[in-house]
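First the structure, in the form of structure tokens, and then the observations on it.
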Amino acid sequence: MTLDNRPLFKGGCQCGAVRFTVEGALSDASVCHCRMCQKAFGNLFAPLVSIGQASLRWTKAEPARFRSSSHVERGFCPACGTPLTYEAPDGVALAIGAFDDPAAIVPTIQFGVEGKLPYADSLPTLPMRDTTQDHAALPWLAALESYQHPDHDAEPTRSS
Ligand SMILES: [Zn+2]
Ligand SMILES: [Zn+2]
């Protein structure tokens with residue numbers, strides 16, 4: 001499946017030190033359950049989208065990279081650790097959750113299912129709570145100040 005409805009995608013890490021733009025259509029979006037992806041993302045699986053022939057540009061710092069195998073490097077923010085890339089000789093994929101609008105990138109296939117955790121398929125059946133349903137935590141939430149980079153690039157600063 002090709003996502004060709006949006007020519008420009010943006011995203012970055014949690015702290016905002018690493019930001020990217022992708023111009024052109026993204027290619028396959030997937031989740032990978034393999035043990036390598038679990039470790040690289042510190043997560044149950046890795047949601048990734050291949051950039052295909054689109055052009056990827058790092059607009060601030062470049063990610064740091066860890067060579068996880070003889071074939072693959074994994075990019076992450078050197079400042080905050082957000083997992084960002086899967087880089088193989090046949091192409092680059094970006095972490096879907098790192099995009100400013102991750103809802104626009106819909107996974108269409110699961111890879112590495114031999115590594116799928118036994119409870120992964122039952123996640124949607126778990127009880128669900130909205131963050132604000134925990135009334136005891138509301139004062140804590142009200143006082144919380146986020147240091148996460150917003151899901152858009154900073155406004156250009158005007159010289160005064
Ligand atoms: Zn960061
Ligand atoms: Zn994997």
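Quick note: the coordinates plus some simple rules give every number you see, no bench work behind them. Please read these numbers as outputs of a predicted model, since none were measured by experiment. Methodologically, a virtual Cβ is constructed for each residue, glycine included, from the backbone with ideal geometry; neighbour enumeration extends over all protein chains shown.
Worth pointing out:
- Rg/Rh, computed from the Cα trace of region 37-126 with Rh as the Kirkwood radius, has the value 0.96.
- Whether the chain is rounded, prolate or oblate, judged on the alpha carbon gyration tensor where a/c under 1.5 counts as rounded: oblate
- Among A46, A64, A29, residue whose mean-square fluctuation peaks in a GNM of the chain (springs only between Cα atoms under 10 Å): A64
- Pairs of Cα atoms nearer than 8 Å and 6+ residues apart set the relative contact order; for the chain it is 25 percent.
- Loop-located trypsin sites (Lys or Arg not before Pro) across region 70-160 with a Cβ neighbour count of 13 or fewer within 10 Å are R129, R158, with loop assigned by DSSP.
- Taking a straight Cα-Cα cut-off under 20 Å and skipping sequence neighbours fewer than 8 places away in the same chain, the aspartates and glutamates within cross-link reach of K116 are D28.
- Two-site FRET efficiency, E145 against E114, from Cβ-Cβ distance with R₀ of 45 Å, rounded to 0.05: 0.60
- Between the beta carbons of S70 and N43, assuming R0 = 22 Å, the FRET efficiency works out to 0.40 to the nearest 0.05.
- Set of lysines with alpha-carbon distance to K60 below 22 Å, sequence-local pairs under 8 removed: K10
- Coil-residue GluC sites (Glu not before Pro) of region 71-160, DSSP, other Cβ within 10 Å capped at 12: E145
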